Amino acid sequence: MTKFKNYSSVSIVLIALSALVALTSSFGGTIENLRILFITDPDHAGFADVLSGQIWRLLTPAFIHFGPMHLIFNLLWVWDLGIVIENRKGPRFYLGFFLIAAVISNIAQYLLTDNPYFGGMSGVIYGLFSYVWIRGRYDPAFNGIMRKATVNMMLAWFVLCWTGLLGPIANWAHTMGLLVGAAWAYIECKKLGLTQSSLPLPANAAQNLEYFSTADILKAESLRDWVRQQYLPEARTQFDTIEGKLKIIEVILQQKPIEARPAHEVQALEIVFADALVQETGLKWAVIDNDQQRIFVMTTADAPPVIFSLVPASKIMQAVIDTNKDANLAALFKTSVQTIRENLRQRTNTE
């Protein structure tokens, strides 16, 4: 079984380095101890220090924090967002993302203000935030992670910082981090062929949620049976396992792509992939009746229920095509399971 880690190794390192810098500089009060960490020495102009070989200066402003609240606020976000990123994309991706977002946001802040007295992890935080936010709008593996209230709060804080009411803020670092994360996520989604929202569920989905009727059960079973029949008779018991379901989906899609298949075959692949998710997570099958069609969904058994849509067949197909890349079918299944568990964990924490 896949397991969602409740910590991030990369975040632990970032937090430790930030805390160390804060302690040795009296939370930014001892400027002399920070000269070597600013993007340039305050007595020097431009990027002379960086060009002379001190390239670490492009990164180290991210570890500087001015005051305990600045440090605590930033590192709480690094912890929460880092767990999401590392679980879904891995520590290497997270580390690479941090390096790129930090360097770009630091350079932008210095170029547009000509002032080296800035620091903080906020540029990276806004990059992580916008990456998760945009991926969640298009990718089922990320959908539901970023709550609407969190998005509104982060954007409101972004605007408030620009008003100047909170004092001197590295607003250009915030802005560039936000743009870097959003652009990165959008490019990835476009590469994966995701151009529409991943959850086309009606707004009143919970009110229209119903248990499977006899007709629903028969329809779902007939779709499963079509997939099961693709196994040779002596191998059909493999269909009962999660690995067997994923294996047969790969085989079917390697034979003929999604766009060349009739609608019932496409829906069958979505159902079987969701069956594997139900088998792994303990969710229940249900339907949403919106008066025009009955939409199959996965849901929790408690009230009020948490509803999860089926992963689109186009995403499943793309994962099979990218079998030698990060977005293979096993990775798609793993991130989908992690998303479900993260949603359930967040709900437990708010109750």
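The values are calculated or read from the model by the stated rules, or taken from the named source; none is laboratory data. All of these numbers come straight from a predicted model, not from anything done at the bench. Every residue, glycine as well, gets a Cβ built from its backbone with ideal geometry; the counts of neighbours run over all protein chains shown. What goes into the accessible areas is simple: the full protein's heavy atoms, side chains included, and nothing from ligands, DNA or RNA. Shrake-Rupley method; radii C 1.70, N 1.55, O 1.52, S 1.80 Å.
For the chain, the relative contact order comes to 16 percent (Cα pairs under 8 Å, sequence separation of at least 6). Taking chymotrypsin sites (Phe, Trp or Tyr not before Pro) across region 203-273, the ones in a DSSP loop with at most 15 further Cβ atoms lying within 10 angstrom of their Cβ are Tyr211. Across the options Ile12, Met69, Thr163, the greatest Cα extent toward the positive end of the charge dipole of the chain (unit charges at beta carbon of Lys, Arg, Asp, Glu) belongs to Ile12. In degrees, nearest 10, range 0 to 90: what is the angle between the Cα axis of helix 214-228 and the longest Cα principal axis of the chain? Relative to the chain, helix 214-228 is tipped by roughly 80 degrees.
One quarter of the convex hull surface built on the alpha carbon atoms of region 37-131 amounts to 6.2 nm², the projected area averaged over directions. Set the Cα radius of gyration of region 28-83 against 2.2 N^0.38 Å, with N its number of residues, and you get 1.32. Rounded to the nearest 500, the 222 nm mean residue ellipticity of the chain from helices alone is -19000 deg cm²/dmol, with -39,500 (n - 2.57) taken per DSSP H run of at least 4 residues. Percent of Cα pairs in region 219-283 per distance bin of 10 Å, from zero to the largest separation: 22, 57, 21, 0.
Of the options Ile288, Phe239, Pro116, report the single residue whose Cα projects farthest towards the positive end of the charge dipole of the chain (beta-carbon charges: Lys, Arg +1; Asp, Glu -1). The residue sitting most towards the positive pole is Phe239.
How tilted is helix 91-113 with respect to the longest principal axis of the chain? Cα atoms for both, answer in degrees (0 to 90, nearest 10). Between the helix axis and the principal axis of the chain, the angle is about 40 degrees. Dipole check for the chain: with +1 at the C-beta of Lys and Arg, -1 at the C-beta of Asp and Glu, and the Cα centre as origin, the magnitude is about 240 Debye. Accessible surface for region 80-133, divided over its residues, is 32 Å² per residue with a 1.4 Å probe. Per-residue surface analysis assigns Ser222 an accessible area of about 70 Å², computed on protein heavy atoms at 1.4 Å probe radius.
Taking label positions 7 Å along the Cα-Cβ direction at both Glu234 and Leu160, the computed distance is 6.9 nm, reported to one decimal. Projected label points at Ala19 and Ser213, each 7 Å from Cα along the beta carbon direction, are separated by 5.8 nanometres. Based on alpha carbons, the Rg and Dmax found for the chain are 23.8, 78 Å. Considering region 14-173, its Cα convex hull presents a mean projected area of 9.6 nm².
Within the accessible surface of the chain, defined with a 1.4 Å probe on protein heavy atoms only, the carbon and sulfur portion equals 61 percent.
What do you get for the angle between helix 9-24 and the principal long axis of the chain? Use alpha-carbon atoms, 0 to 90 degrees, nearest ten. Once rounded, the angle reads 20 degrees.
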